[in-house]
Amino acid sequence: MTMRSSSAKPLTPLQHAILDFIWANENATADQVREAIKRNHPLKESSVRTLLSRLEASGYLTHTVQGKTFIYRAAAPRKQIAASAVRSITTWPSMVWDPILMRPPLS
């Protein structure tokens, strides 16, 4: 799986909860996701659909259509997503390094 951007923002706890549910079940509809996360994240179905759409746009999910229902599945295995997150953390300092900050203070 390739993320849309190597500087993608880290996932929120809510996004993690959604992905965890989908990984555990291989695929899911928006309603199934909403039911699964409602105890800790009570959301309307439209909000869940928006979150799923954003996760798909970021490259975490894909979907197929059965009738009028979107069926979401993870775009990559959990381990691959974790490895990508670790890579982004370990390369972060080199992406923001600025030579000006490394200069000695002015007298």
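The values are calculated or read from the model by the stated rules, or taken from the named source; none is laboratory data. Predicted, not measured: the structure shown is a model, and the values here were computed from it. Backbone-built Cβ (ideal geometry, glycine too); neighbour counts: all protein chains shown.
What do you reckon, is residue 94 modelled with pLDDT of 95 or more, loosely packed, with under 11 Cβ neighbours inside 10 Å, part of a helix (DSSP H, G or I) and hydroxyl-bearing (Ser, Thr, Tyr)? Here the answer is no, as residue 94 does not meet what is asked. If only residues of the range 21-45 that are of a type in the set (Gly, Ala, Ser) and in a helix (DSSP H, G or I) are counted, the one that is surrounded by the most Cβ atoms within 10 Å (Cβ to Cβ) is 30. Within the range 46-79, the residues that satisfy the criterion of being part of a helix (DSSP H, G or I) and of a type in the set (Val, Ile, Thr) are 48, 50. Taken over the range 25-74, the residue count meeting the criterion of being within 16 Å of the chain's Cα centre (by Cα) and of a type in the set (Ser, Thr, Tyr) is 7. Residues that are small (Gly, Ala, Ser) and in a helix (DSSP H, G or I) within the range 7-20 comprise just one, 17. Output the residue which, of all residues in the range 61-75 that are in contact with an Asp or Glu (Cβ under 7 Å, 6 or more places away or on another chain) and without any contact (Cβ under 8 Å) to a residue 40 or more places away in the chain, is surrounded by the fewest Cβ atoms within 10 Å (Cβ to Cβ). Within the range 61-75, the match that is surrounded by the fewest Cβ atoms within 10 Å (Cβ to Cβ) is 62. Got a number for residues in the range 31-61 being among the hydroxyl-bearing types (Ser, Thr, Tyr) and under 19 Å from residue 10 (Cα atoms)? Residues that pass the stated criteria total 4. Looking only at the range 9-60, residues that are closer than 13 Å to residue 75 by Cβ and in contact (Cβ under 8 Å) with a residue 40 or more places away in the chain come to 10 in all.
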